[in-house]
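Q: To start, I am sharing the structure in question, which I have written as structure tokens.
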Amino acid sequence: MAVFTSISFDELSIWLKQFNLGNLIDFQGISSGVTNTNYLIVVEDARFILTIFEDTQFDDLSFYIDLMSFLSKNHILCPQPILNKNEKYLSLLKNKPALLVSFLNGSEKEDASPDNCFGVGKALANFHLKAEKFPQKRKNTRNLSWIKTTHENLSNLLSEDDNKIIEKEFTFQEDNVDDNLAQGIIHADLFIDNVLFDGDKVSGMIDLYYACTDKYIYDIAIALNDWCIDDMGEIDIGKMKSFIKGYDSLRKLEGDEVEALPTHLRLAAFRFWLSRLYDFHNIRQGESITIKDPKHFKNILIKRQSFKGL
């Protein structure tokens, strides 16, 4: 989340008239993230989240909107898209697609406990199971092909050491692709700041705009690399075991998934290192932007290369 597109009170008030929500009281930008513009919207008796999509076109958004609607109707705590008076979810705001979704109560955990990790693991398993009945599929656009192309575009800006690490890891990942692992709809971005808690209970999973069809163990690995690490980027074994125990309580990991976990922990770190490298070298202009340090996931990747599993 970030603020690239600025709007005025009057502009937003006019746009909101297409909904039956009452008058605008207040709004404020949400600065975390690097992809889309987000605002917290306060109207009479309710709050909502407004997302203005900076790079995604109307046709490419239907998957995410349909998925959120499906999950909300199936008791997954995620944002519910709001229909306007014309029975449409999307409309233009400042000549860009814009979406209004429900506001979820809760806040993120700055320091997750093992019990919190258990809860997130269980919530992710529930997400995977419920989404099995979602009829649509979407290719993971941040796959190995994307990593290769992104590296090719950035290689002249990177150090010799970084290029060697990337080339070596790409070869390793390409040699260890396993298309037989269980897969379905995954969140693909379940970081600490994308899960809300009400006390110690998971109250929401947000930011589904990287959701896609891919391996479940990859989704788990993405989460573990953020939820279950210490200050040095090493795996916190206690938190990892709690996370997996929570996941197993609803969907038991298969043997080949457990064996594939170390490889996918590496892949998850690799993908987000390249993503952050791209964002770091392609900073967009905006009102309130958070640029995350690529070295964080470079460090995690290097540490995962020696991780052999539980």
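Q: Taking Asp193, is it in contact with a Ser or Thr (Cβ under 9 Å, 6 or more places away or on another chain), among the charged types (D, E, K, R) and at pLDDT 95 or above?
A: Values: in contact with a Ser or Thr (Cβ under 9 Å, 6 or more places away or on another chain): yes; among the charged types (D, E, K, R): yes; at pLDDT 95 or above: no.
In short, no.
Q: Still on this structure, please answer the following. Being touching a Gly at 6+ places or on another chain (Cβ under 8 Å) and either among the basic types (Lys, Arg) or at pLDDT 95 or above (or both) is the filter here; which residues of segment 17-38 pass it?
A: Step one: of segment 17-38, the residues touching a Gly at 6+ places or on another chain (Cβ under 8 Å) are 37-38.
Correct list: empty.
Q: Quick one: what pairs do we get from segment 251-280, first residue free of Cβ contacts under 8 Å to residues at least 24 places away in the same chain and of a type in the set (D, E, K, R), second surrounded by fewer than 24 Cβ atoms within 10 Å (Cβ to Cβ) and not in a helix (DSSP H, G or I), C-beta under 6 Å, 6+ apart or different chains?
A: Arg276/Lys292; Arg276/Pro294
Q: Specify which of the listed residues (Ile65, Ile82, Ile165) is at pLDDT 95 or above, in the same structural domain as Asp231 (by TED's automatic domain parsing) and surrounded by 15 or more Cβ atoms within 10 Å (Cβ to Cβ). Break it down into steps so the answer makes sense when it comes.
A: Numbers: Ile65 fails: in the same structural domain as Asp231 (by TED's automatic domain parsing); Ile82 fails: in the same structural domain as Asp231 (by TED's automatic domain parsing).
Ile165 is the lone residue from the list that is at pLDDT 95 or above, in the same structural domain as Asp231 (by TED's automatic domain parsing) and surrounded by 15 or more Cβ atoms within 10 Å (Cβ to Cβ).
Every residue, every condition in (1) out of contact with any Lys or Arg (no Cβ under 8 Å at 6 or more places or on another chain); (2) closer than 14 Å to Val101 by Cβ; (3) in contact (Cβ under 8 Å) with a residue 40 or more places away in the chain, yes or no:
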residue: Ile14; (1), (2), (3): yes, no, no
residue: Lys17; (1), (2), (3): yes, no, no
residue: Asn36; (1), (2), (3): yes, yes, yes
residue: Phe53; (1), (2), (3): no, yes, yes
residue: Thr56; (1), (2), (3): yes, no, yes
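Q: Continuing with the same structure: Within segment 6-48, work out how many residues are part of a loop (DSSP other than H, G, I, E, B) and more than 19 Å from the chain's Cα centre (by Cα).
A: Let us first name the residues in segment 6-48 that are part of a loop (DSSP other than H, G, I, E, B), namely 6-8, 17-23, 31-36, 44-45.
Subset that is more than 19 Å from the chain's Cα centre (by Cα): 6-8, 17-23, 44-45.
Counting residues in segment 6-48 that are part of a loop (DSSP other than H, G, I, E, B) and more than 19 Å from the chain's Cα centre (by Cα) gives 12.
Q: Checking Glu132 against (1) assigned by TED's automatic domain parsing to the domain that holds Asp230; (2) out of contact with any strand residue (DSSP E or B) (no Cβ under 6 Å at 6 or more places or on another chain); (3) of a type in the set (Asp, Glu), only one condition comes out false. Which one?
A: Going through the list (1) assigned by TED's automatic domain parsing to the domain that holds Asp230; (2) out of contact with any strand residue (DSSP E or B) (no Cβ under 6 Å at 6 or more places or on another chain); (3) of a type in the set (Asp, Glu), Glu132 breaks only (2).
Q: Moving to a separate point now. Does Ser113 qualify as being at pLDDT 95 or above, over 17 Å from the mean Cα position of the chain (by Cα) and farther than 30 Å from Ile237 by Cα?
A: No: the conditions fail for Ser113.
Q: Can you say whether Val120 is of a type in the set (A, V, I, L, M, F, W, C), farther than 29 Å from Leu274 by Cα and either within 19 Å of the chain's Cα centre (by Cα) or not assigned by TED's automatic domain parsing to the domain that holds Ile206 (or both), as far as the supplied structure shows? Walk me through how you get there before you give the answer.
A: Values: of a type in the set (A, V, I, L, M, F, W, C): yes; farther than 29 Å from Leu274 by Cα: no; either within 19 Å of the chain's Cα centre (by Cα) or not assigned by TED's automatic domain parsing to the domain that holds Ile206 (or both): yes.
Judged against the criteria, Val120 is not a match.
Q: Please go through segment 89-138 and pick out each residue that is acidic (Asp, Glu) and in a loop (DSSP other than H, G, I, E, B).
A: Applying the first criterion (acidic (Asp, Glu)) to segment 89-138 yields 108, 110-111, 115, 132.
Selection gives Glu108, Glu110, Asp111, Glu132.
Q: Can you name the residue in segment 119-149 that is of a type in the set (Val, Ile, Thr) and surrounded by fewer than 18 Cβ atoms within 10 Å (Cβ to Cβ) and, of all such residues, is farthest from Lys109 (Cα to Cα)? Lay out the reasoning, then the answer.
A: Going through segment 119-149, the residues of a type in the set (Val, Ile, Thr) turn out to be 120, 141, 147, 149.
Among the residues that remain, those that are also surrounded by fewer than 18 Cβ atoms within 10 Å (Cβ to Cβ) are: 141, 149.
On the way: Thr141: 29, Thr149: 35 Å.
Ranking the candidates gives Thr149 first.
Q: Answer yes or no as to whether Lys137 is in contact with a strand residue (DSSP E or B) (Cβ under 8 Å, 6 or more places away or on another chain) and outside the structural domain of Phe53 (by TED's automatic domain parsing).
A: Numbers: in contact with a strand residue (DSSP E or B) (Cβ under 8 Å, 6 or more places away or on another chain): yes; outside the structural domain of Phe53 (by TED's automatic domain parsing): yes.
Yes: the conditions hold for Lys137.
Q: Since Glu108 meets every condition but one in (1) over 15 Å from Leu274 (Cβ atoms); (2) at pLDDT 95 or above, which condition does it not meet?
A: Of everything listed in (1) over 15 Å from Leu274 (Cβ atoms); (2) at pLDDT 95 or above, Glu108 misses just condition (2).
Q: While we're looking at this one, here's another question. Please determine, by comparing only the residues of segment 170-221 that are β-branched (Val, Ile, Thr) and not in a strand (DSSP E or B), which one is nearest to Ile30 (Cα to Cα). Before you say what the answer is, go through the steps one by one.
A: Kept after step one, since they are β-branched (Val, Ile, Thr), are these residues of segment 170-221: 171, 177, 185-186, 192, 195, 202, 206, 213, 217, 220.
Checking the rest, the ones that are also not in a strand (DSSP E or B) come to 171, 177, 192, 206, 217, 220.
Working: Thr171: 38, Val177: 37, Ile192: 16, Ile206: 13, Ile217: 30, Ile220: 26 Å.
Applying the filter and picking the extreme gives Ile206.
The values are calculated or read from the model by the stated rules, or taken from the named source; none is laboratory data. If you're wondering where the values come from, they're calculated on a predicted model, not measured in any experiment. No Cβ is skipped: glycine too gets one built from the backbone with ideal geometry, and neighbour counts run over all protein chains shown.
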